[in-house]
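Below you'll find the structure, written out as structure tokens, and then a few comments.
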Amino acid sequence: MKDVLIDLRNITKSFDGTMVLDDLNLSVKENEFVTLLGPSGCGKTTTLRIIGGFESPDQGTVIFEGKDITALPPNRRPVNTVFQKYALFPHMDVAENIAFGLKIKGKSQQYIKDKISYALKLVNLDGYEHRQVTSLSGGQQQRIAIARAIVNEPRVLLLDEPLGALDLKLRQDMQYELIRLKNELGITFIYVTHDQEEALTMSDTIVVMNQGYIQQMGTPEDIYNEPENAFVADFIGDSNLLDGMMIEDKLVEVLGARFVCVDTGFGTMQPVDVVIRPEDVELVPAGEGIIDGVVTHLIFKGVHYEMEVTARGFEWLVHSTACFPVGTEVGIRVDPFNIQIMNKPVDDDEKAVGNGEID
């Protein structure tokens with residue numbers, strides 16, 4: 001089992017009277033790629049800045065390898081940060097940008113030269129030492145920003161939406177580059193994004209945040225396949241989110257029809273949230289499913305067709321390799337294992353998971 005590297009304990013932070021983090025507890029283990037994921041304003045960037053020392057919590061402590069570093073300034077923490085705006089120095093060439101932190105630390109010229117060469121090879125920009133950063137593409141500048149962070153040998157690399165300014169193809173390429181770097185360097189990555197695809201692609205562990213709370217933590221597979229509440233289900237991937245009534249264990253009523261499921265422990269005749277992923281909706285001939293509907297929209301997505309099916313007043317989103325033209329009457333069937341049942345929140349501010357440790 002990996003050792004806990006960073007421990008955030010009872011972190012609270014407000015800006016101008018608005019609560020951004022509310023008694024947040026989070027443990028990160030060594031060598032993990034952890035992604036803080038959530039919508040704008042959920043507190044993910046503030047959490048990252050508190051770890052990096054750029055913000056101080058109103059309450060709570062930041063522990064690094066068992067030591068309280070809450071009051072330490074950023075330059076005395078064993079972390080480096082890569083921002084969305086790379087903050088490269090335009091009047092310096094690539095080598096000078098990478099060497100900046102090492103020169104401040106008083107490292108020898110030979111040490112700095114060796115480190116520059118090593119870092120550029122890691123980010124696949126060998127031979128770019130004397131290029132002007134203003135002549136580089138966005139992806140190349142992003143790699144230089146990462147190289148500048150790497151040469152300082154941080155225990156933790158903090159990345160605040162570093163791919164946000166890149167086009168789709170380059171962003172996808174850089175996702176694989178970051179995974180490779182993490183594996184080669186053996187350091188802990190803490191990554192902030194609002195992009196669910198990035199989180200699912202790169203992470204060992206995803207921390208889903210909303211309104212200053214941790215909603216759920218787990219592997220990408222757990223977060224996608226077993227969301228703990230409607231917010232997580234709706235934020236991660238496409239979902240059909242429906243109101244349901246738990247009739248009894250393993251039986252839920254949705255849109256007036258009864259679906260067999262595998263969930264237990266919700267009581268009898270209890271209102272619940274029901275989540276069914278689009279790829280888990282099976283379309284069959286009308287009359288052969290649990291409920292019937294009509295295909296109202298059809299889009300070809302390459303690997304599958306995306307359809308909307310109106311059934312009992314609800315627009316079902318369906319992903320299927322089979323094509324059902326608009327106007328086709330169909331039946332809807334769902335495997336019991338693919339129906340996710342969740343308790344309804346008491347109110348909008350209810351937090352599903354307020355504290356947690358990444359296992």
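The values are calculated or read from the model by the stated rules, or taken from the named source; none is laboratory data. This is a predicted model, so every value here is computed, not measured. Every residue, glycine as well, gets a Cβ built from its backbone with ideal geometry; the counts of neighbours run over all protein chains shown. Only protein heavy atoms, including side chains, enter the accessible area calculation; ligands, DNA and RNA are left aside. Shrake-Rupley method; radii C 1.70, N 1.55, O 1.52, S 1.80 Å.
Need one word for the range 34-114: rounded, prolate or oblate. Basis is the Cα gyration tensor (sqrt eigenvalues a ≥ b ≥ c); a/c below 1.5 gives rounded, then a/b vs b/c decides. Before the final figure, lay out each step's value.
On the way: a/c = 2.85, a/b = 1.58, b/c = 1.81.
Here the range 34-114 falls in the oblate category.
Assign one of three labels to the range 111-185, namely rounded, prolate or oblate, based on the Cα gyration tensor with a ≥ b ≥ c the square roots of its eigenvalues; rounded applies when a/c is under 1.5, prolate when it is not and a/b is larger than b/c, and oblate otherwise.
Cα axes put the range 111-185 in the oblate bin.
According to a simple spin-label model (label point 7 Å from Cα along Cα-to-Cβ), what is the distance in nm between Arg333 and Asp249?
About 2.7 nm separates the two model spin labels.
Which of Ala149, Leu163, Thr193 sits closest to the plus end of the dipole of the range 145-198, meaning its Cα is farthest towards the positive end, when Lys and Arg get +1 and Asp and Glu get -1 on the C-beta?
Ala149
For a Förster distance of 35 Å, can you work out the FRET efficiency between the beta-carbons of Ser40 and Glu129, rounded to the nearest 0.05?
Using R0 = 35 Å, I get an efficiency of 0.40.
Any chance you could run the full-extension gain for Arg76 through Ala286? It's 0.36 nm times the residue separation minus the Cα-Cα distance, nm to one decimal.
69.0 nm
When a/c is below 1.5 the answer is rounded, else prolate if a/b is larger than b/c, else oblate, so apply that to the range 198-349 with a ≥ b ≥ c taken from the square roots of the Cα gyration tensor eigenvalues.
Taking the square roots of the gyration eigenvalues as a ≥ b ≥ c, the range 198-349 is oblate.
How high is the FRET efficiency between Glu184 and Gln270 when r is their beta carbon distance and R₀ equals 56 Å, given to the nearest 0.05?
Using R0 = 56 Å, I get an efficiency of 0.65.
Using a Gaussian network for the chain with springs between C-alpha atoms less than 10 Å apart, which of these wobbles most: Gln132, Gln215, Gln110?
Highest fluctuation of the listed residues: Gln110.
Find how much the distance from Glu65 to Asp238 grows on full extension, using 0.36 nm per residue of separation minus their present alpha carbon separation; answer in nm with one decimal. Intermediate results must be reported in sequence, preceding the final value.
Numbers: separation 173, 0.36 × 173 = 62.28 nm, distance 3.84 nm.
Once the chain is fully extended between Glu65 and Asp238, it gains 58.4 nm.
Where only protein heavy atoms count, and the probe is 1.4 Å, what is the accessible area per residue for the chain in Å²?
47
Tell me, what is the percent relative contact order of the chain, built from C-alpha pairs under 8 Å that lie six or more residues apart?
It rounds to 17 percent for the chain.
Are there trypsin sites (Lys or Arg not before Pro) in the range 42-117 that DSSP marks as loop and that have at most 14 other Cβ atoms within 10 Å, and which are they?
Passing sites in the range 42-117 are Lys85, Lys105.
So how strong a dipole does the chain carry about its Cα centre when Lys and Arg Cβ are +1 and Asp and Glu Cβ are -1, to the nearest 20 debye?
Computed charge dipole of the chain: roughly 2140 debye.
Report in % the part of the accessible area of the range 78-152 that belongs to carbon and sulfur, leaving out ligands and nucleic acids; probe 1.4 Å. Each step should come with its number before you reach the end.
Details: 1960 of 3780 Å².
Carbon-and-sulfur percentage of accessible area, whole number: 52.
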